[in-house]
Amino acid sequence: MARNAEKAMTALARFRQAQLEEGKVKERRPFLASECDDLQKAEKWRRQIISEVSKKVAQIQNAGLGEFRIRDLNDEINKLLREKGHWEVRIHELGGPDYARIGPRMLDHQGKEVPGNRGYKYFGAARDLPGVRELFEQEPPAPPRKTRGELMKEIDADYYGYRDEDDGVLVPLEQEEEKIAIAAAAEQWRATHGVEGSRGEGEEEEEENIYAVEDESDEEQQDRLPEGEPGQEFIAHVPVPSQKEVEEALIRRKKMELLQKYASEALMAQSEEAKVLMGL
């Protein structure tokens, strides 16, 4: 009995008793923000949540707490942040300020906004946990795309294969392969059509050359050669005007240019009528 009497006389017991007597028992925060109808109390609960978040953020900086304790602390911080958001909405509904718009953002030690996945954020040592570190690693920047002009800069005749035969190696190899392919095709054709007899080694079948040109006699060649230029052959596939016709065409063109430049439309019309009357 003496022990219980001593406990009752301690300063803490007397202080607690005084609080109960005066009705100053500490009020608990409502579980739902919608249950609070007093703006001042809503502000008080919001400040209380911010204080709890600050304490837990300071605790989670210690990487020696262990993985499980760090994950629990990070979950508790995110839970308090969601609750703070509910109280801010309730404060705005009661006529208070809109903290979602004017309130400070949650920043990390580098001054960047704390990233997360669909509202879930990581703080302190939780950022270095297995599976979380990869979320904060920045992807390497994509290589810059070349413009059309840069792509066309490297394209030349070699790109299209126009100079593949200039080295003198490809053409002989293709000729050899062509001969082998022709011989194999001819042998297959003979076997298919039942043609007897095959050519011996060194024997080649004479084929009609459709590109052959008959040799002309010397007299015919001399007839086609212009005078004064022996040994050169000129073939005109289109009618070529003479020098006199070219000069007349240039004179007519010059006259038309002068008429268009100095003559009036009326004068040109009279000139055309005179030509018609004269039959020119």
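Structural remarks
- Applying a threshold of 6 Å to beta carbon distances and a minimum spacing of six or more residues, or different chains, the list of pairs starting in segment 119-130 at a residue that is without any contact (Cβ under 8 Å) to a residue 24 or more places away in the chain and in a helix (DSSP H, G or I) and ending at one that is small (Gly, Ala, Ser) and buried (at least 21 other Cβ atoms within 10 Å of the Cβ) is empty.
- Candidate set from segment 48-95 (those that are more than 20 Å from GLY119 (Cα to Cα) and touching an Asp or Glu at 6+ places or on another chain (Cβ under 8 Å)); member that is surrounded by the most Cβ atoms within 10 Å (Cβ to Cβ): ILE91
- Residue satisfying condition, being in a loop (DSSP other than H, G, I, E, B), surrounded by fewer than 10 Cβ atoms within 10 Å (Cβ to Cβ) and either modelled with pLDDT under 80 or not acidic (Asp, Glu) (or both), within set GLU229, GLU216: GLU229
- In segment 131-145, the count of residues that are more than 30 Å from GLN40 (Cα to Cα), at pLDDT 75 or above, in contact with a helix residue (DSSP H, G or I) (Cβ under 9 Å, 6 or more places away or on another chain) and aliphatic (A, V, I, L, M) is one or more.
- Residue that is nearest to GLU76 (Cα to Cα) [pool: residues in segment 117-159 that are acidic (Asp, Glu) and surrounded by 11 or more Cβ atoms within 10 Å (Cβ to Cβ)]: ASP128
- Residue ranges of helices (runs of 4 or more DSSP H) in segment 1-94 with at least 3 members under 30 Å from LEU129 (Cα atoms) and modelled with pLDDT of 85 or more: 39-59, 67-93
- Segment 122-167, subset under 19 Å from ALA63 (Cα atoms) and among the hydrophobic types (A, V, I, L, M, F, W, C), residue farthest from the chain's Cα centre (by Cα): ALA125
The values are calculated or read from the model by the stated rules, or taken from the named source; none is laboratory data. The model shown is predicted, which means the values in this text are computed figures rather than measured ones. All Cβ positions, glycine included, derive from the backbone under ideal geometry; neighbour counts span all protein chains shown.
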